[in-house]
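Worksheet: the structure to be examined is printed underneath.
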Amino acid sequence: MPYKIRTNALPLLPKGASDIKILHFSDLHLTPSRNTLIKDIKSWIDLKPDLIISTGDFLAHKDGIKPLIIALDKLLDAPGLFVFGSNDYYAPKFKNPFSYLMPDRGERKLGENLNWQLLQKKLIDRGWKDLNHNKVKLKIKGVVIEARGTDDAHLELDNYPLVEGKKSKSADISIGLTHAPYERVLAAMAQDKLDLIFAGHTHGGQVRLPWPGGSKALTTNCDLDNWRASGLSKVNDGPWLNVSAGMGTSPFAPIRFTCPPEVSLITLTA
């Protein structure tokens with residue numbers, strides 16, 4: 001299924017600031033044999049992003065790191081931020097697809113250990129910032145962006161107090177990253193008045209029902225409301241949330257229905 005580029009604009013920057021283009025991708029679930037996906041990733045440099053954000057699940061195979069770094073090569077020359085998902089720590093394992101529709105009791109079927117330390121090192125060596133329980137500041141086109149992130153909430157590795165706190169006075173905008181958009185993480189970031197949160201994990205529902213005006217997700221594979229399974233959304237005066245529908249799937253469930261793979265291009269404007 002061809003992927004789509006979802007574009008949105010958000011007026012979050014100070015008056016007079018130049019536009020900042022953020023490329024957000026998630027859930028590549030890359031294996032060495034996914035040549036079309038590798039080609040698609042290489043093409044993203046043509047979008048000329050100012051900042052690149054990945055919300056995890058880069059991998060789906062123990063030999064996926066080398067082709068991933070080759071695919072990302074030119075993108076790694078741009079400023080980048082990342083967090084990990086469960087499939088960066090463990091290879092996927094077969095489970096009943098209908099289990100995604102059942103209540104989450106916290107049971108996880110984990111595959112073999114993956115070399116996440118090597119992946120982390122490769123990304124950091126090229127200049128990307130690891131936001132798994134880290135907080136950083138970077139300046140893009142004169143705008144100071146404060147960014148913080150958590151480790152994967154789906155594996156209950158999140159510990160938001162490690163990065164909590166209001167936006168610093170020197171920052172123009174504050175953003176958050178997390179792989180799985182569990183409500184506890186979103187609520188904590190909202191409490192700190194972040195402007196924008198990036199997440200993945202949901203695959204947009206992966207299998208969606210045709211629905212008037214679009215389609216409807218049956219699940220988010222977490223406690224996020226189904227209507228927020230992909231795209232930009234906002235609840236009351238909380239932060240904007242951008243959930244990527246992702247580019248890949250588990251090798252054991254390579255099916256998408258009315259839910260094409262996607263990459264997001266979010267333009268921040270004054």
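The values are calculated or read from the model by the stated rules, or taken from the named source; none is laboratory data. What you see is a predicted model, and the numbers here were worked out from it, not measured in a lab. When we count neighbours, we look across all protein chains shown, and the Cβ atoms used for this are built from the backbone with ideal geometry, even at glycine.
Numbers for the structure displayed
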| item | result |
| --- | --- |
| Residue within region 24-35 that is among the polar types (S, T, N, Q), touching a His at 6+ places or on another chain (Cβ under 7 Å) and either surrounded by 18 or more Cβ atoms within 10 Å (Cβ to Cβ) or at pLDDT 95 or above (or both) present | yes |
| Count of region 176-199 residues which are over 22 Å from MET247 (Cα atoms), outside any helix (DSSP H, G or I) and under 19 Å from the mean Cα position of the chain (by Cα) | 2 |
| Subset of region 108-151 [crowded, with 20+ Cβ neighbours inside 10 Å and of a type in the set (Asp, Glu)] | GLU146, ASP151 |
| Candidate set from region 214-270 (those that are basic (Lys, Arg) and in a loop (DSSP other than H, G, I, E, B)); member that is nearest to LEU177 (Cα to Cα) | LYS234 |
| Test: residue in region 78-91 that is modelled with pLDDT under 95 and either over 15 Å from the mean Cα position of the chain (by Cα) or assigned to a loop (DSSP other than H, G, I, E, B) (or both) | yes |
| Search result, residues across region 1-47 that are in a loop (DSSP other than H, G, I, E, B) and free of Cβ contacts under 8 Å to residues at least 40 places away in the same chain | PRO32, SER33 |
| Residues of region 148-166 satisfying the condition of being within 16 Å of PHE82 (Cβ to Cβ) and among the basic types (Lys, Arg) | ARG148 |
| Residue list for region 164-177, restricted to those being surrounded by 20 or more Cβ atoms within 10 Å (Cβ to Cβ) and either closer than 21 Å to TRP116 by Cβ or of a type outside the set (A, V, I, L, M) (or both) | SER174, GLY176, LEU177 |
